[in-house]
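The values are calculated or read from the model by the stated rules, or taken from the named source; none is laboratory data. Since this is a predicted model, take the numbers as computed values, not measurements. Cβ placement follows ideal geometry from the backbone for every residue including glycine, while neighbour counts extend to all protein chains displayed.
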2 protein chains.
Amino acid sequence: MKNVEEVTAEVLLKIRPSLVESEKLMQLANELLEAVKKISSNYEGIIDARLEGSVAKGTWIRGREEVDIFVQFSKDVDKARLEKTILEVGNTVIKKFGGKTEVRYAEHPYVEGILNGVRVNIVACYKVEPGMWLSAVDRTPYHTEYIKSKLTGTLVDDVRLMKSFMLGCGVYGAELRVGGFSGYLAEILTINYGSFSNTIKAASNWRPPVYIDIEGHYADKREALEAFGRPSILVIDPVDKKRNVAAAVTDTKLSEFILASKLFFDSPTEKFFYIPGCVNKRITMTEVRRILRGRCILGLRLKVQQKPPDVLWGEIKHTLKGICRALEHEDFKVFRYDAWYEGNICIMLFELQELNLPTCYIHIGPPTHLDNALEFVKKHSDAQDTVAGPWVSGSRLYVLKSRDKTSVKDIIRMRLARGDISVSAGLMEAVKGAKIYKSGEELAKFASKNTSFRQFLFEFLEARPPFLAKHVQ
Amino acid sequence: MKNVEEVTAEVLLKIRPSLVESEKLMQLANELLEAVKKISSNYEGIIDARLEGSVAKGTWIRGREEVDIFVQFSKDVDKARLEKTILEVGNTVIKKFGGKTEVRYAEHPYVEGILNGVRVNIVACYKVEPGMWLSAVDRTPYHTEYIKSKLTGTLVDDVRLMKSFMLGCGVYGAELRVGGFSGYLAEILTINYGSFSNTIKAASNWRPPVYIDIEGHYADKREALEAFGRPSILVIDPVDKKRNVAAAVTDTKLSEFILASKLFFDSPTEKFFYIPGCVNKRITMTEVRRILRGRCILGLRLKVQQKPPDVLWGEIKHTLKGICRALEHEDFKVFRYDAWYEGNICIMLFELQELNLPTCYIHIGPPTHLDNALEFVKKHSDAQDTVAGPWVSGSRLYVLKSRDKTSVKDIIRMRLARGDISVSAGLMEAVKGAKIYKSGEELAKFASKNTSFRQFLFEFLEARPPFLAKHVQ
């Protein structure tokens, strides 16, 4: 077995860009920046343009090159004009370099293009004093400055290892779909603990709530935790004491990171890391059919509209929870659920203990000393769906009833028709018109035609984080 | 619809013995008492003999005549000699009258015989001052005196109605099998509220804890309830302030009595009463088969030894509870259970939500921040019976496991073999050798051969107290 140093040394060889690669990327970035600056001078209200992100900080991972250019607007510019202007600037520059553009959405729209295989984002922010933030990305230039001032010596490589580890373990990314660790958070953690392996060592011993206040903005941990509503992880932003850098991290991802750290120290391998060019093996339909055997999976296939991913994922998560609650309310036992989408198709999966409920169920009545005991007896004594009882046990009345519907498909259809499932408004129509898959064969059929869904279905059924998955190499 | 007065008047006509019947019974009782006294004079240590029970109080119901003769021993007599003597006295007297005797067991053995269709019990007690009780029945003569002093006017008829109502509703009898109201308790209640209908009216409005202290032994209800361990019903014995006359009443029987009282006032009929000579219709096998359809019944048939009923019922109840807990621990949902016995055959029935468990179940692991998280991952990752996972949700680990055994029969057998069911020591061997019925057809087969079990099986499946049962006329 290799030790931590051996593994990280080998990983670094694969994720650290070569000098030639670095220079090439820096050249592209600087050319783009100059072009943006030049065009920006035509627009009143643009103060400056800057390189941000991993290129600016020199922390990118080979194979995941990305150039982020931030155009800084004066705070007098209204949001509509800012949005209009950034699309014009972005489109012009990327087209000039021969790339195709696409408009993406975060809080504001921004322009994305691919140039020589490198993703380029041209983003608008306001140039403001710290604390006077007008949009979520206004902090970014300050973040970049802070990180650059702290990343001395080999610390850039430690940051690369950190991101590669988080990527490999499936906990990297602050977007709603992941609910994991942002790049900035990975950098803060590495700076705080002094190295990659120190960070992992520390994380393997974390016991939530985790609290990091690198610049000592708060005097008291308890007070700080209270002020932020007792999150499981609180990392005070060095450039903004009111912000939790880890606000997006879900309990699940935090716990997965802790577990991955423990496992990595227990038996260090490259398996924990994202290695460029290393592709997981493709799942065959034989494997899908084998893992589906004996499982009780309910699937809902719905048509969704194009929306910013975080908006759509918000709706999907809300709807997953609503359907789960409705199923549980009907006495189904829901083991797990998750969703996949691509283009305008979204598939929600629920793993259940069973797809059909037992015919009979107990209905609990009032204590016999209450007035409505009589009502209960009268209502149920001669009811068509009363199987046995009413009887008395302890102080209460009970009756055994038979279910009208027992199949999960019928029950979901019924509750949807009644409007008795809490579904996100944006998905209401889609869910009502959803196709319901009840058999594994129906799911397998769709998986045979769509490899992305096939991968998702297999991973859902395997139900392991990547660092525990057997099919991950 | 009749009103309460009309119904009770009609019931009284049927349950009140005629003058001729009364005189005949009193004559038999007095002749027996004389005979007992005469023989007793041959034994040193016997002080007196007395008529007790409903004959002494004049409160018996037609068709349920029973003569209780209590032989009072000096407190110097030891228990062994008392038991030997009472058997001799009882046997001699009953044989002299031409009856067959049987030894029955309560706290002490006593002699029972049937003479001219009347049950005769010859029982030993100690003659002691109040409070100096040496055996449970020493209070009886004081109870008899107390009740006789209070039963004035038509109150004897009200007591008859009370007993008949409790009998008809299935809540009469302090024995463990029933856990209901004793005759003495029925009398106390009637005396306390002044009439049958006042008692039922009061009971229909009871809200436990029920507290009755007819002689005002305690100043404070709360204090008294505390002193007795907060029972749901506390009726202070007029002749012994330390005794709860209702100690044997279970919450279920109390609640049934309250419900029956409510229902009776809502729509009074004779159905609520025990009427001599009125027999419920016999259940046909067609009815048994119909009611069995779709139900999930587990049956255990065991051989039991002759024991005093309260001893055997204690063991049966303990064992029922133990098996229920074991089933629930294995994730079965137990709706109800009960047992029947006759001769040396006992059958325990459990109604379950299903007779076979789902193949998969969730096993919950530790939070990932604990040290044993690693152990959990290692143990389950490559285990044969792991279906999916381990995965992380919130702070914890989970894994989906498959069950080795899913049938209730196999699971019960396995746990019995492992000694993993809390069974009464007296029934341990019987339960281990029990025949397990899993299908309704097996139960129906036995029911077709045994009408007493057939009746019990039907009533178990109907699951209604007699006052709600459809087959009760």
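Points worth noting:
- Filter pass, B:Arg413 being in contact with a strand residue (DSSP E or B) (Cβ under 9 Å, 6 or more places away or on another chain) and at pLDDT below 95: yes
- Checking the stated criteria, B:Tyr274 turns out to be of a type in the set (Ser, Thr, Tyr), away from chain A (no Cβ under 14 Å), assigned to a loop (DSSP other than H, G, I, E, B) and within 30 Å of B:Arg160 (Cα to Cα).
- Restricting attention to region A:118-149, the residues being small (Gly, Ala, Ser) and assigned to a strand (DSSP E or B) number 1.
- Within region B:382-396, the only residue that satisfies the criterion of being surrounded by 15 or more Cβ atoms within 10 Å (Cβ to Cβ) and outside any strand (DSSP E or B) is B:Ser395.
- Scan of region B:172-191 for residues that are free of Cβ contacts under 8 Å to residues at least 40 places away in the same chain and not hydroxyl-bearing (Ser, Thr, Tyr), ordered by number: B:Gly173, B:Ala186
- Within the option set B:Glu44, B:Glu66, B:Glu52, being without any contact (Cβ under 8 Å) to a residue 60 or more places away in the chain and in contact with a Phe, Trp or Tyr (Cβ under 8 Å, 6 or more places away or on another chain) holds for one residue only, B:Glu66.
- For the criterion of being under 23 Å from A:Ile114 (Cβ atoms) and surrounded by 14 or more Cβ atoms within 10 Å (Cβ to Cβ), A:Leu12 fails.
- Of all residues assigned to region B:314-326, none qualifies as being within 7 Å of another protein chain (Cβ to nearest Cβ) and touching a Ser or Thr at 6+ places or on another chain (Cβ under 6 Å).
- Screening A:Glu5 against (1) within 26 Å of A:Glu187 (Cβ to Cβ); (2) surrounded by 14 or more Cβ atoms within 10 Å (Cβ to Cβ); (3) charged (D, E, K, R) leaves a single unmet condition, (2).
- None of B:Lys445, B:Lys438, B:Lys405, B:Lys432 is touching a residue at least 60 places away in the same chain (Cβ under 8 Å), of a type in the set (D, E, K, R) and within 24 Å of B:Glu354 (Cα to Cα) except B:Lys438.
- For the residues A:Phe272, A:Phe265, the requirement of being in contact with a Gly (Cβ under 7 Å, 6 or more places away or on another chain) and in contact (Cβ under 8 Å) with a residue 24 or more places away in the chain singles out A:Phe272.
- The single condition among (1) buried (at least 22 other Cβ atoms within 10 Å of the Cβ); (2) more than 14 Å from chain B (Cβ to nearest Cβ); (3) out of contact with any strand residue (DSSP E or B) (no Cβ under 8 Å at 6 or more places or on another chain) that A:Ala186 does not satisfy is (3).
- If the condition is being in contact with a helix residue (DSSP H, G or I) (Cβ under 9 Å, 6 or more places away or on another chain) and part of a helix (DSSP H, G or I), then region B:431-454 contributes B:Val431, B:Lys432, B:Gly440, B:Glu441, B:Leu443, B:Ala444, B:Phe446, B:Ala447, B:Ser448, B:Phe453, B:Arg454.
- Pick from region A:438-473, criterion in contact with a Leu (Cβ under 7 Å, 6 or more places away or on another chain) and at pLDDT 90 or above, ranking: nearest to A:Arg301 (Cα to Cα): A:Leu443
- Subset tally (residues that are of a type in the set (Ser, Thr, Tyr) and either surrounded by 21 or more Cβ atoms within 10 Å (Cβ to Cβ) or in a helix (DSSP H, G or I) (or both)) for region A:150-172: 2
- Residue list for region B:341-374, filter: under 40 Å from the mean Cα position of the chain (by Cα) and among the hydroxyl-bearing types (Ser, Thr, Tyr): B:Tyr341, B:Thr359, B:Tyr361
- Of residues in region A:247-262 being part of a helix (DSSP H, G or I) and more than 7 Å from every other protein chain (Cβ to nearest Cβ), the one surrounded by the fewest Cβ atoms within 10 Å (Cβ to Cβ): A:Ser261
- The sole residue among A:Leu28, A:Leu51, A:Leu33 that is at pLDDT 90 or above, in a strand (DSSP E or B), among the hydrophobic types (A, V, I, L, M, F, W, C) and closer than 30 Å to A:Glu187 by Cα is A:Leu51.
- Within region B:288-299, if we keep just the residues that are within 14 Å of another protein chain (Cβ to nearest Cβ) and in contact (Cβ under 8 Å) with a residue 60 or more places away in the chain, the residue that is surrounded by the fewest Cβ atoms within 10 Å (Cβ to Cβ) turns out to be B:Arg293.
- Selection within region A:352-388 - small (Gly, Ala, Ser) and either within 30 Å of A:Arg301 (Cβ to Cβ) or more than 7 Å from every other protein chain (Cβ to nearest Cβ) (or both): A:Gly365, A:Ala383
- Among the residues listed as B:Glu226, B:Glu129, the single one being farther than 24 Å from B:Thr59 by Cα, in the same structural domain as B:Lys75 (by TED's automatic domain parsing) and over 21 Å from the mean Cα position of the chain (by Cα): B:Glu129
- One residue alone among A:Glu23, A:Glu10 is in contact (Cβ under 8 Å) with a residue 40 or more places away in the chain and in a helix (DSSP H, G or I), and that residue is A:Glu10.
- Among the candidates A:Glu23, A:Glu31, A:Glu5, A:Glu44, residue that is of a type in the set (D, E, K, R) and not assigned by TED's automatic domain parsing to the domain that holds A:Glu65: A:Glu5
- Selection count where residues are crowded, with 20+ Cβ neighbours inside 10 Å and within 14 Å of another protein chain (Cβ to nearest Cβ), scope region B:338-351: 3
- Count of residues meeting criterion [loosely packed, with under 15 Cβ neighbours inside 10 Å and in a strand (DSSP E or B)] in region A:86-103: 2
- Of the listed requirements (1) in contact with a His (Cβ under 9 Å, 6 or more places away or on another chain); (2) free of Cβ contacts under 8 Å to residues at least 24 places away in the same chain; (3) assigned to a strand (DSSP E or B), B:Val399 misses just one: (2).
- Residues in region B:224-246 that are crowded, with 17+ Cβ neighbours inside 10 Å and among the small types (Gly, Ala, Ser): B:Ala224, B:Ser232, B:Ala246.
- Scan region B:389-410 for residues that are β-branched (Val, Ile, Thr), touching a helix residue (DSSP H, G or I) at 6+ places or on another chain (Cβ under 8 Å) and either farther than 30 Å from A:Cys169 by Cβ or facing chain A (nearest Cβ under 8 Å) (or both) and the total you get is 2.
- From the options A:Leu370, A:Leu327, A:Leu302, A:Leu320, residue that is in the same structural domain as A:Ser422 (by TED's automatic domain parsing), surrounded by 15 or more Cβ atoms within 10 Å (Cβ to Cβ) and outside any helix (DSSP H, G or I): A:Leu302
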